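Please read the structure below before turning to the comments.
No value in this document is a laboratory result; all are computed from the given coordinates. Not measured: the values here are computed from a predicted model. Ideal geometry is used to build each Cβ from the backbone, glycine not excepted, and the neighbour counts take in all protein chains shown.
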Ligand code: AMP
Ligand code: MG
């Protein structure tokens with residue numbers, strides 16, 4: 001049996017300092033078949049994802065508390081949106097709750113940093129996806145000194161405590177960092193400039209952000225070291241190859257859903273009596 005992709009990409013809780021330079025963003029752990037095979041595999045995995053997501057939804061509709069939250073982090077152009085499009089797109093959108101988090105509004109800033117994420121958690125039975133997350137509050141916030149260090153330094157423990165509470169409430173978290181190289185980011189930004197239909201998503205500020213690459217990498221390394229826990233571990237997904245990124249996320253999601261051991265709910269239905277009632281009704285309709 002192939003090793004689970006989660007095992008290959010997981011940051012072992014408590015294993016000490018993490019070094020992102022040790023992970024090649026062009027590597028494809030767990031997949032050695034190239035682009036076409038990866039795309040075919042994603043389509044196949046998609047059918048199983050759709051079935052499992054339906055079971056999760058069914059469980060939620062019949063009193064279950066469990067839900068799944070996928071947390072996606074990564075530098076600009078790392079493909080968070082593309083991953084959502086390719087992987088979430090394989091399931092029934094009615095059971096999904098997708099939220100992107102940008103710069104907080106005045107109202108959001110007047111609350112604790114976790115407030116807006118708590119507000120947008122998936123309800124029981126739903127599969128939520130966060131495109132950026134509470135981790136920005138120890139990433140962009142740390143890199144740009146948006147709050148004093150005494151404040152952001154307390155947030156790692158607060159995040160761990162919050163995620164622990166969520167786990168107790170039935171939230172399974174799949175945390176994935178899309179690991180991009182600065183060279184690939186440059187290519188993707190240039191490609192956006194070459195395509196007028198992509199200019200709308202070109203933020204000139206993203207070019208300046210490249211100067212902070214090293215600071216972002218360090219901030220990510222701290223997150224991976226301090227916030228990869230047993231209840232909510234982090235995964236580092238190499239993201240320079242878009243097809244591998246989708247393959248990896250689809251497999252991580254499949255493994256996570258399989259880990260829930262979902263079953264179809266078995267409500268008490270007197271199937272025979274209901275069949276008989278329907279037969280009577282049919283006769284009545286015909287009369
Ligand atoms: P995008 O993902 O391209 O739509 O960009 C969202 C932007 O919002 C990114 O530049 C993030 O760094 C920024 N952002 C997200 N969370 C925060 C936060 N807590 N404080 C400041 N900026 C944030
Ligand atoms: Mg952006």
Quiz item: Does the range 167-181 contain at least one residue that is over 25 Å from residue 12 (Cβ atoms), in contact with a helix residue (DSSP H, G or I) (Cβ under 8 Å, 6 or more places away or on another chain) and within 15 Å of ligand 2 (Cβ to nearest atom)?
Solution: no
Practice problem: Give the residues of the range 79-103 that are within 10 Å of ligand 1 (Cβ to nearest atom), touching a residue at least 40 places away in the same chain (Cβ under 8 Å) and either farther than 27 Å from residue 51 by Cβ or surrounded by 22 or more Cβ atoms within 10 Å (Cβ to Cβ) (or both), sorted by residue number. | Solution: 80
Quiz item: Got a number for residues in the range 186-206 being in a helix (DSSP H, G or I), within 15 Å of ligand 2 (Cβ to nearest atom) and within 23 Å of residue 98 (Cβ to Cβ)?
Solution: 6
Self-check item: the range 223-247 - residue that is in contact with a helix residue (DSSP H, G or I) (Cβ under 7 Å, 6 or more places away or on another chain) and farther than 30 Å from residue 36 by Cα and, of those, farthest from ligand 2 (Cβ to nearest atom)
Solution: 231
Quiz prompt | Number of the exception - residue 130 against (1) more than 12 Å from ligand 1 (Cβ to nearest atom); (2) within 22 Å of residue 45 (Cα to Cα); (3) surrounded by 17 or more Cβ atoms within 10 Å (Cβ to Cβ) | solution = (1)
Quiz item: When the residues of the range 1-41 are filtered to those that are in contact with a helix residue (DSSP H, G or I) (Cβ under 6 Å, 6 or more places away or on another chain) and within 16 Å of residue 258 (Cα to Cα), which remaining residue is surrounded by the most Cβ atoms within 10 Å (Cβ to Cβ)?
Solution: 5
Quiz prompt | Candidate set: the range 183-205, residues that are surrounded by fewer than 16 Cβ atoms within 10 Å (Cβ to Cβ) and in contact (Cβ under 8 Å) with a residue 12 or more places away in the chain; chosen: the one nearest to residue 159 (Cα to Cα) | solution = 203
Practice problem: With the condition kept exactly as written, say whether any residue in the range 259-269 is touching a residue at least 24 places away in the same chain (Cβ under 8 Å) and surrounded by 19 or more Cβ atoms within 10 Å (Cβ to Cβ). | Solution: yes
Quiz item: What strands (runs of 3 or more DSSP E) completely inside the range 57-142 contain at least 1 residues that are farther than 25 Å from residue 211 by Cβ and within 16 Å of ligand 2 (Cβ to nearest atom)?
Solution: 96-100, 127-131
